[in-house]
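Reviewing the structure listed below.
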Amino acid sequence: MIFSAYIFADGVEIAPGVIATFSRMIREGLIVGVPTETVYGLGADADLDVAVGRIFAAKQRPADHPLIVHVAAFDGGISGAAHYASRVPAFAQQLMSAFWPGPLTLILPRKPGVATVAAGGQNSIGLRCPSHPVAQALLKNLRSPEGGQLVVWGIAAPSANKFGRVSPTTAAHVMDEFGDSLAVLDGGPCDMGIESTIIDCTRGVPVQLRPGSISRQQVQEACGLKVLTDAEFVEQADAQIIQAQGSIAPRASGTLASHYAPNAKLRLMDLKSLQSALDMLEEAKLNGRRVAQKSSAVSAVEKDTSPKIVHIAVYARNRLRIKSDEVIFRAMPQSAAQVAHELFAVLREFDAAGVKLIWAETPPDTVEWEGVRDRLGRASA
Ligand code: TXA
Ligand code: MG
């Protein structure tokens, strides 16, 4: 069931009663849908292993894929991080002060005994201090216990979708995934629309595990260190470091080749290939019609009265020549941030329309498009 987090009387105000109710549900070990500025999460008390177990079960997520823990923005998230991390390297502190609260997740060495199940067996922990006002209202309420109840230090929350599927960016998407029995806190459509940037801070240098709205460039500028991708780190790190760190690549489901997958098959193409694919489709259709007319002596003037079936959706930044009425065109916005904001909702709309194939224009190969390229690439794998 969806509960609005806002009161709309004169002006907009976060509803304290609703926040208190969700806070109570989390303290009691239930899982709930929560809004963040990136995507909606499926949240529970990060230190309550039974509750966290329910998240894995509901998502059908393998138990060794760690969850991100969200902390309150008192003091910029520092005290929350101190509860879960055994050490915060100087460059990670710089990133916290530059981007928290905001869409950046830091992987830090985990204090033994905290968020054990949420960490999925890793000795590290993924931490994020979200900027969404509703998420923060809930997190802050959980840190201030009324009536002697226990403090909840963090909400473990993966994206609120079944494992491998498209992430939700509205409360209704969350309901579509998990049904009406889940309580979903509605904080409106997510601003960013794609998941947080993940920077691993456990290897001495910043390593990007997942691109997001905060670019590698921005991370680099904030901490003054070159940010490597996982592949670059493996390539560049000398054998000694790798040995000292043990197995170096932590599990990150967002880094699996296939993820964020719609039901339709998605193909990425440059504009030229897209146009020739559309032209070929048209030609094939005309040929098919000619053959059908010859063989069944259907009158050339007879109108086709069969219902329109949409098989292909085109998602591109530029207008294309589309003749077939079986193809739907959806204009891709011009900026990376706008595409990120609508991307998952558009994929869900195509699925709902029964589209079988999505032909999307490959986004530009520049840093600001990194997050969108990554999501589209994985959705097409
Ligand atoms: O924007 C986001 O990050 C959203 C919202 C809800 O906060 N959450 C999200 O969670 O995307 P999820 O579970 O869908 O993706 C979390 C990613 C996974 O790829 C996971 O493997 C990685 O973070 N991760 C979490 N803890 C980790 C750790 N200790 N080491 C390496 N990767 C970790
Ligand atoms: Mg996810």
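The values are calculated or read from the model by the stated rules, or taken from the named source; none is laboratory data. Predicted, not measured: the structure shown is a model, and the values here were computed from it. Backbone-built Cβ (ideal geometry, glycine too); neighbour counts: all protein chains shown. All accessible areas refer to the heavy atoms of the entire protein, side chains included, with ligands and DNA or RNA removed. Shrake-Rupley method; radii C 1.70, N 1.55, O 1.52, S 1.80 Å.
Summary of computed values
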quantity: Distant-in-sequence amide H partners of Ile125 (H built 1.01 Å from N, under 5 Å); calculated: Leu108, Arg110
quantity: Around Lys323: net Lys/Arg minus Asp/Glu count, Cβ-Cβ under 12 Å; calculated: -3
quantity: Extreme residue, positive dipole direction of segment 73-226, given options Met175, Leu104, Gln136 (C-beta unit charges); calculated: Leu104
quantity: Cβ crowding within 10 Å averaged over residues, with 188-194, 117-123 ranked highest first; calculated: 188-194, 117-123
quantity: Counted charge near Ile31, where neighbours are those whose Cβ lies closer than 10 Å (Asp, Glu -1; Lys, Arg +1); calculated: +1
quantity: Out-of-range pairs (alpha-carbon distance over 22 Å; input Lys265/Lys285; Lys285/Lys323; Lys59/Lys356; Lys59/Lys140; Lys162/Lys356); calculated: Lys59/Lys356; Lys59/Lys140
quantity: Size of electric dipole in the chain: Cβ of Lys, Arg +1 and of Asp, Glu -1, about Cα centre, debye, nearest 20; calculated: 820 debye
quantity: Accessible area of the chain belonging to carbon and sulfur atoms, whole % at 1.4 Å probe; calculated: 55 percent
quantity: Rounded accessible area per residue of segment 2-245, 1.4 Å, Å²; calculated: 39 Å²
quantity: Two-site FRET efficiency, Arg321 against Leu357, from Cβ-Cβ distance with R₀ of 25 Å, rounded to 0.05; calculated: 0.90
quantity: Sites matching GluC sites (Glu not before Pro) across segment 109-201 that sit in DSSP coil, with at most 16 neighbouring C-beta atoms within 10 Å; calculated: Glu146
quantity: Charge tally in the Cβ shell below 15 Å around Ser196, where Lys, Arg are +1 and Asp, Glu are -1, Ser196 excluded; calculated: -2
